[in-house]
Amino acid sequence: MMYSVRVRGRLTGIPLHDYIEVVERRPGDAPDETALTCRVADAAALTGVVALLHDLGLTVTEMHALPDVPTS
């Protein structure tokens, strides 16, 4: 399952890659936010991602499912 997650602020110095498979980018429409794209196995793993972001002091501002593309 693929998800797009936006968090308030920048992730400078936060090693998300140590915890989850994630791609970070700065959205042009909201320079004070960071957009994340991550793949999770199931709903329990998604809950874990949200908990991790919260534990790191990040505020989730938006989250939605993306069309899943099979990994090779």
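Couple of notes before you dig in:
- Residues of the stretch 4-35 that are touching a residue at least 12 places away in the same chain (Cβ under 8 Å) and hydroxyl-bearing (S, T, Y): S4, Y19, T34.
- T34 out of contact with any helix residue (DSSP H, G or I) (no Cβ under 7 Å at 6 or more places or on another chain), among the polar types (S, T, N, Q) and at pLDDT 90 or above: no
The values are calculated or read from the model by the stated rules, or taken from the named source; none is laboratory data. Since the model is a prediction, treat every value here as computed from it, not as a measurement. Cβ sites come from the backbone with ideal geometry, for glycine too, and all protein chains shown count toward neighbours.
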